[in-house]
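Visitor: This is the structure I want to talk about, given as structure tokens.
Values quoted throughout were computed directly from the atomic coordinates according to the rules given, and no laboratory measurement underlies them. Quantities reported herein were computed from a predicted structural model and do not represent experimental measurements. Note: ideal-geometry Cβ built from the backbone for every residue, glycine included; neighbour counts use all protein chains shown.
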Amino acid sequence: MREITYRQALNEALDEEMARDEKVFLMGEDIAIYGGAYGVTAGLLNKYGEDRVRDTPISEAAIVGTGLGAALLGYRPVVEIMYIDFIGLCMDQLNNQVAKIRYMFGGKCTVPLTIRTEGGAGRTLGAHHSQSLEAWLMHIPGIKVVMPATPVDAKGLLKSSIRDNNPVVFIEHKMLYNTKGPVPDGEYLTPIGKAEIKRHGNDITILTYSRMLLFSLQAAEILEKEGISVEVVDLRTLLPLDRETIRKSVMKTNRVVIVEEDTKTAGAGAEIGMTVIEECFDYLDAPIKRIAGADVPMPKAPNLEKLAIPSVESIVEGIMEVMK
Amino acid sequence: MYEPSKEEAARLLRQMMEIRQFEDKIMELLAKNIAEGGSHLYAGMEAVAVGVISSLNPDDYITSTHRGHGHAIAKDGDLNALMAEILGKKTGVCKGKGGSLHLADLNKGNLGANGIVAGGLGIATGAALALKMSKSSKIVVCFFGDGALNNGITHECMNMASLWKLPVLYLCENNLYAMSVSIFRACSVKDFKKRAAAYDMPAEVVDGMDVLAVKEAATKWIEYVRNGNGPCLLVCNTYRYYGHSRSDPRVYRTKEEEKFYKEKDPIPNFAKICIQKGWLTEHEVKQIEASVTKAIEEATEYAIKSPLPDPEELYTDLYV
């Protein structure tokens with residue numbers, strides 16, 4: 001199978017959906033002429049014109065708000081918030097308008113809006129360009145939260161998000177854009193709300209998502225040599241969580257480590273861990289462990305930045321502890 | 001001055017009376033604890049909603065505000081379903097899940113009231129973007145209060161709409177107070193039409209207690225927007241007769257000021273003009289009033305008798 005980057009996979013998803021449905025259009029800061037801060041929308045302006053690939057002023061609230069207005073009238077806008085760190089600027093639109101409008105209006109409207117954004121540490125950009133804020137979003141009923149880790153999932157999930165009649169926040173990771181992986185030719189969709197077991201194992205389950213999947217797979221490789229068989233579950237969607245896949249894996253391995261890049265306190269892992277307890281507490285042979293980001297603003301210094309998020313080493317160590 | 005036909009004059013008067021009596025009834029229901037929670041009442045401001053919305057085509061869109069009953073009624077809202085919604089009933093226009101702050105009827109072009117000040121700006125501007133992209137001749141009127149002028153998204157949206165020449169009329173209902181804080185204590189620029197200059201769009205200020213003045217200005221600016229000239233700002237100076245909400249003792253304004261605006265009451269003043277001009281007889285005015293009273297009584301009874309939503313409704317309508 002051909003191998004393409006995560007960036008190319010996303011670009012193909014946008015391109016294919018725009019070609020398929022003229023109601024799909026893109027809007028965001030620096031997405032048109034510049035091609036997006038991370039190059040995801042490159043080339044689309046030339047192909048689809050500035051009506052459908054729209055550079056906006058730096059107005060995050062208006063980007064999301066107008067995306068909602070256009071969605072209510074039958075368009076399928078894909079709006080981009082350049083960094084998830086900027087989501088505070090449009091959180092009212094997202095939380096109070098986008099997420100609630102269908103429910104508040106008694107189901108009499110649909111909001112087929114996709115909000116693409118990107119997060120995570122790794123480029124030593126400091127506290128305003130490195131955050132993982134998915135837990136904020138998981139707390140909002142009415143939206144879906146998708147976080148793909150691989151090129152194949154990035155493409156299939158973005159296409160599904162655009163076709164979904166619900167609002168979807170689609171969170172990419174800045175350190176994944178250049179990663180490569182096999183992506184089939186032609187049309188396919190990856191379902192939202194379905195986790196995938198990326199590595200099968202018997203002794204312990206890692207529940208993870210986004211870039212931490214890559215670290216977790218490397219850790220699993222190392223632990224294999226120590227005689228520990230690790231199952232790695234890529235959650236892919238954080239809202240709604242795939243409770244069934246989580247339950248089945250935990251019932252098989254009886255041990256759980258959650259690997260997440262966001263800050264630990266009230267982070268995504270807290271919800272994931274509680275889900276494990278609700279679903280299959282009786283099957284646990286050891287306490288659930290969270291390997292998570294440090295509860296600090298992301299520091300600039302490269303050594304501190306590395307310390308502030310999980311590493312392959314910290315995952316290996318954490319699992320060894322649980323296996324003791 | 002705008003000269004309505006006899007039928008149009010009757011319609012304008014009737015709608016204003018519907019809004020006033022609807023609001024007076026809700027105040028009564030709140031006092032009797034039949035209506036729970038709160039409600040922001042539109043009484044006093046009727047000439048704005050009626051003057052503007054009667055100048056639109058039925059398939060044009062509006063976005064409304066936290067004080068949205070008047071807009072909903074003027075946008076051909078069903079009195080029964082609106083009253084039922086305010087009481088949180090199953091038969092409400094939003095199935096009892098929205099309430100006073102979230103009255104919406106997309107089939108009638110009402111994209112919704114909003115519990116967040118300036119919450120409708122993004123929706124209105126985005127709807128206008130959709131209309132422009134689909135080369136529609138419809139337009140959007142975005143209602144908001146003086147308080148919304150000082151919220152960030154207002155600036156973002158007006159800039160964007162003017163930049164892209166979107167078909168949206170920004171309609172500022174200046175009732176002098178954002179809850180308790182007067183425009184003189186909240187706005188660095190008191191003459192609101194100056195705000196439009198920042199976005200290179202035209203603006204006009206009009207007496208929002210005079211339905212014909214509102215209608216004349218609205219007709220002109222709706223045509224301007226419909227013709228593809230981009231957005232504009234129409235400021236209607238008006239006054240709300242009740243407090244901000246049910247618990248408001250109105251300590252921030254004087255009895256003299258309230259009396260001044262009471263004398264400018266858009267409904268009796270317009271009725272007087274109708275009689276003077278021979279558009280309606282005194283008898284016809286009384287007939288309209290009595291028929292409105294009957295409709296409001298019926299809506300109230302309908303709402304009170306309607307059941308609450310079924311418990312299963314808690315989790316419906318969240319996702320498609």
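Visitor: Under 5 Å between amide H atoms, partner at least 5 residues away or on a different chain: which partners does A:ARG76 have, H built in plane at 1.01 Å?
Guide: A:VAL24, A:PHE25
Visitor: To continue, here is another question. Convex hull over the Cα atoms of the range A:3-182, averaged projected area in nm²?
Guide: 9.3
Visitor: Check each of the chymotrypsin sites (Phe, Trp or Tyr not before Pro) in the range A:144-223 and keep only those in coil by DSSP with at most 13 other C-beta atoms within 10 angstrom; list them in order.
Guide: Filter output for the range A:144-223: A:TYR188.
Visitor: Long-range amide H contacts for B:VAL141: which residues qualify at under 5 Å (H placed 1.01 Å from N, peptide plane, sequence gap of 5 or more or a different chain)?
Guide: B:TYR61, B:ILE62, B:THR63, B:LEU169
Visitor: Another one. Could you calculate the contour length gain from B:ASN269 to B:SER182, that is, 0.36 nm times the residue separation minus the distance between their Cα atoms, to one decimal place in nm?
Guide: Gain on extension, B:ASN269 to B:SER182, equals 28.7 nm.
Visitor: Can you give the extra length, in nm with one decimal, that the chain gains between A:LEU125 and A:LYS180 once fully stretched, where that is 0.36 nm per residue apart less the Cα-Cα distance?
Guide: 17.5 nm
Visitor: Separate question: Please quote Rg/Rh for the range A:196-323 to two decimal places, taking the Kirkwood radius as Rh and restricting both calculations to Cα atoms.
Guide: Radius of gyration relative to Kirkwood radius: 0.95.
Visitor: Moving to a separate point now. Give me the inter-chain shielding for B:149-156: mean count of other chain Cβ atoms within 10 Å, whole number please.
Guide: Going residue by residue through B:149-156 and averaging, the value is 5.
Visitor: Taking every residue in B:159-169, how many Cβ atoms of other protein chains lie within 10 Å of its Cβ, on average?
Guide: Mean shielding by partner chains, rounded to a whole number: 2.
Visitor: What's the angle, to the nearest 10 degrees (0 to 90), between helix A:151-163's Cα axis and the longest principal axis of chain A?
Guide: Long axis of A:151-163 versus the principal axis of chain A: about 50 degrees.
Visitor: Provide a whole-number value for the mean count of partner chain Cβ atoms within 10 Å of the Cβ atoms in peptide A:73-85.
Guide: Across the residues of A:73-85, the mean count of other-chain Cβ atoms within 10 Å is 2.
Visitor: Tell me the Kirkwood hydrodynamic radius of the range B:131-196 in angstroms, computed as one over the mean inverse distance between distinct C-alpha pairs.
Guide: One decimal place: 13.1 Å for the Kirkwood radius.
Visitor: Among B:PRO231, A:ILE58, B:MET133, which residue has its Cα furthest toward the positive end of the charge dipole of the protein assembly as shown, with +1 on Lys/Arg Cβ and -1 on Asp/Glu Cβ?
Guide: Positive-most Cα among the choices belongs to B:PRO231.
Visitor: Could you order peptides A:101-114, B:18-31, B:123-136, A:243-256 by the average number of other Cβ atoms within 10 Å of their residues, highest first?
Guide: So the order, starting with the most tightly packed, is B:123-136, A:101-114, B:18-31, A:243-256.
Visitor: Right, next: What residues have an amide H closer than 5 Å to that of A:TYR209, excluding those fewer than 5 places away on the same chain, when H is modeled at 1.01 Å from N in the peptide plane?
Guide: HN-HN under 5 Å from A:TYR209: A:LEU235.
Visitor: A further question on this structure: Along the range B:103-109, what does the Karplus equation 6.51 cos²θ - 1.76 cosθ + 1.60 (θ = phi - 60°) give for ³J(HN,Hα), rounded to whole Hz, x for Gly and Pro?
Guide: With the stated coefficients, the range B:103-109 comes to 4, 8, 8, 5, 5, 9, x Hz.
Visitor: Taking each pair of distinct Cα atoms in chain A once, what is the resulting Kirkwood hydrodynamic radius in Å?
Guide: 20.0
Visitor: Here's another thing I want to ask about it. Per residue, what volume in Å³ does the Cα convex hull of chain B take up?
Guide: Cα convex hull per residue, to the nearest whole number: 132 Å³.
Visitor: How would you rank B:237-248, B:104-115, highest first, on the average number of other Cβ atoms within 10 Å across their residues?
Guide: B:104-115, B:237-248
Visitor: Taking a quarter of the surface of the Cα convex hull of the protein assembly as shown, what do you get in nm²?
Guide: Mean orientational projected area (the protein assembly as shown, Cα hull): 30.9 nm².
Visitor: Work out from phi, with θ = phi - 60° and the Karplus expression 6.51 cos²θ - 1.76 cosθ + 1.60, the ³J(HN,Hα) of each residue of the range A:310-324, listed in order in whole Hz, and give x for Gly and Pro.
Guide: x, 10, 4, 5, 5, 5, 4, 4, x, 5, 4, 4, 5, 7, 4
Visitor: From the phi angles alone, apply the Karplus equation (6.51, -1.76, 1.60; θ = phi - 60°) to the range A:304-309 and give each ³J(HN,Hα) in whole Hz, x where the residue is Gly or Pro.
Guide: 6, 4, 4, 5, 7, 10
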